[in-house]
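K.L.:
The structure follows.
Computed from the coordinates by the stated procedures, all read-outs in this text should not be read as laboratory data. Treat the numbers as computed from the prediction; the structure is a model and nothing was measured. Cβ: placed from backbone, ideal geometry, glycine included. Neighbour counts: every protein chain shown.
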Amino acid sequence: MGRIELKNIYKSFGEVEVIKGIDLFINEGELVIFVGPSGCGKSTLLRLISGLEEATHGTITIDGEDMTSKRPAERGLSMVFQSYALYPHKTVRENMGFGLTVARVPKTVIAKKVHEAAVTLKLEDLLDRRPKELSGGQRQRVAIGRAIVREPRAFLFDEPLSNLDAALRVEMRLEIAKLHQLLRATMVYVTHDQVEAMTLADRIVVLQDGLVEQIGTPLELYERPANLFVAQFIGSPKMNVVGANSKAGTVTFANGSEWDFKGAPDNAAHLGVRPESISLCGTAEGVLAGEIEVVEHLGSDSFAYVAVDKVGVFTVRIVGRAHVKPGEVTGLSFGADDIHLFGQHGGVALAFA
Ligand SMILES: Nc1ncnc2c1ncn2[C@@H]1O[C@H](COP(=O)(O)OP(=O)(O)OP(=O)(O)O)[C@@H](O)[C@H]1O
Ligand SMILES: [Mg+2]
């Protein structure tokens, strides 16, 4: 249950095309996360799956059944929103059971399902309260509980944790991970949060401007981004990318520095290297040399920002405490295995598989 397939989906609002041809297959029990810049169409795509919006073109099937023009209630999905959308005058118990009450499910069955969901979500002691008597995290739990009691084919989440403070977000993230393990239900989840996407997803779909840039497991996207956009979108702090040409096994940077790199393709225009893949070294040993501008101490890590004249500023992650200071000159060292080369138009440069 909960196999979702989108074929050639387009969506326009009036003249404006927002989703521009998306194919996507979501497996039974999979947790798939949509990420992408604000306005790229994440919520719209989720609403198309739920039936709250109708596609302009294309088909949506759930468990093999064509759902393209079915109403939301007929699709058997539950949606959880950022804004909780609870009824303020109803108790937690009534809020959780409301969908079933409307569907005329017998009271004893509703009571049993609400109780089970309350146990799963640790809401047993709060069943008689009203939403205003709950914390943000508890309210979101109720919204999730309301989704669970309907035993949907799949759960759709639109930024469910973004109204919560940082600590609560971490806690709820773990709750959702546990819930997914427990229910083994298909979940489609939209988030802005890198860590949520990397930690929760079986697969991440990176969207930009109504199109899919790449689909893959979190580590596939991190280690083998298909293009410059994904490379810089996934990972925090983001990948350093600078202009670099390659020819006959030599990479040349904008300041004229050359780096011997056998096997480099001839069509690279950009070189990417993640902050944790660079180490500081003596200026003579480095691929590049620059001056440290700022050092940030985060406790577990430090970040040094190193300006290389004519090339750019590199973020370098140092594990633990950094023993370097602004104004110092340093070398930057990284290896052939650490870098990503991209062509002029941002795709992966060839011969670097
Ligand atoms: N009902 C609507 N009518 C007209 N335009 C809409 C409508 N809903 C969304 N849009 C437009 O479609 C585009 C995609 O919106 P969507 O809400 O899907 O983005 P999003 O990726 O979820 O962004 P965010 O991260 O800010 O939530 C935006 O440009 C938005 O203005
Ligand atoms: Mg949105």
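K.L.:
Sorted by packing (mean other beta-carbon atoms within 10 Å per residue), highest first, where do 129-137, 184-192, 272-280, 22-30 land?
P.N.:
184-192, 272-280, 22-30, 129-137
K.L.:
Filter the GluC sites (Glu not before Pro) in segment 150-257 down to the DSSP loop ones having no more than 14 other Cβ atoms within 10 Å, then list what survives.
P.N.:
none
K.L.:
Tell me, what is the percent relative contact order of the chain, built from C-alpha pairs under 8 Å that lie six or more residues apart?
P.N.:
Relative contact order of the chain: 15 percent.
K.L.:
Work out how much length R224 to A269 would gain on full extension: take 0.36 nm times their residue separation and subtract the Cα-Cα distance, in nm to one decimal.
P.N.:
Additional length available on full extension: 14.5 nm.
K.L.:
Could you work out the helix-only [θ] at 222 nm for the chain, with each DSSP H run of four or more residues adding -39,500 (n - 2.57) and the total divided by the number of residues, to the nearest 500 deg cm²/dmol?
P.N.:
So the helix-based figure for the chain works out to -7000 deg cm²/dmol.
K.L.:
Using a 10 Å cut-off around each Cβ, can you sort H115, H340, H89, H180 from fewest to most neighbouring Cβ atoms?
P.N.:
With the sparsest Cβ surroundings first, the list reads H89, H115, H180, H340.
K.L.:
Given all pairs of different Cα atoms, what value in angstroms does the Kirkwood hydrodynamic radius of the chain take?
P.N.:
It is 22.8 Å.
K.L.:
Quick one: helix 136-149 against the long Cα principal axis of the chain, what's the angle to the nearest 10°, folded into 0 to 90?
P.N.:
The answer is roughly 60 degrees.
K.L.:
Same structure again: Give the cross-link partners of K122 among the lysines, using a straight C-alpha distance below 27 Å as the criterion and excluding same-chain residues fewer than 8 apart.
P.N.:
Excluding near neighbours in sequence, the set is K90, K107, K112, K113, K132, K178.
K.L.:
What do you get for the angle between helix 92-102 and the principal long axis of the chain? Use alpha-carbon atoms, 0 to 90 degrees, nearest ten.
P.N.:
70
K.L.:
Return the loop-located trypsin sites (Lys or Arg not before Pro) in segment 238-325 (DSSP other than H, G, I, E, B) with at most 15 other Cβ atoms within 10 Å of their own Cβ; answer none if there are none.
P.N.:
Here the trypsin sites (Lys or Arg not before Pro) that fit, given the DSSP loop and packing criteria, are K238, K262, K310, R321.
K.L.:
Here's another thing I want to ask about it. Between E74 and L183, how high is the FRET efficiency from 1/(1 + (r/R0)^6) when r is the Cβ-Cβ distance and R₀ = 25 Å? Nearest 0.05.
P.N.:
Taking R0 as 25 Å, the efficiency between E74 and L183 is 0.70.
K.L.:
Just want to confirm a number: the relative contact order over segment 142-251, from Cα pairs under 8 angstrom separated by 6+ residues, in percent.
P.N.:
Relative contact order comes out at 17 percent.
K.L.:
If you stretched the chain out fully between E133 and R321, how much longer would it get, using 0.36 nm times the residue separation minus the C-alpha to C-alpha distance?
P.N.:
That works out to 63.3 nm of additional length.
K.L.:
Pairing the Cα long axis of helix 107-120 with the longest principal axis of the chain, what angle in degrees results, from 0 to 90 and rounded to the nearest 10?
P.N.:
Long axis of 107-120 versus the principal axis of the chain: about 30 degrees.
K.L.:
Once each part is reduced to its C-alpha centroid, what is the distance from segment 37-52 to segment 81-148 in angstrom?
P.N.:
One Cα centre to the other: 25 Å.
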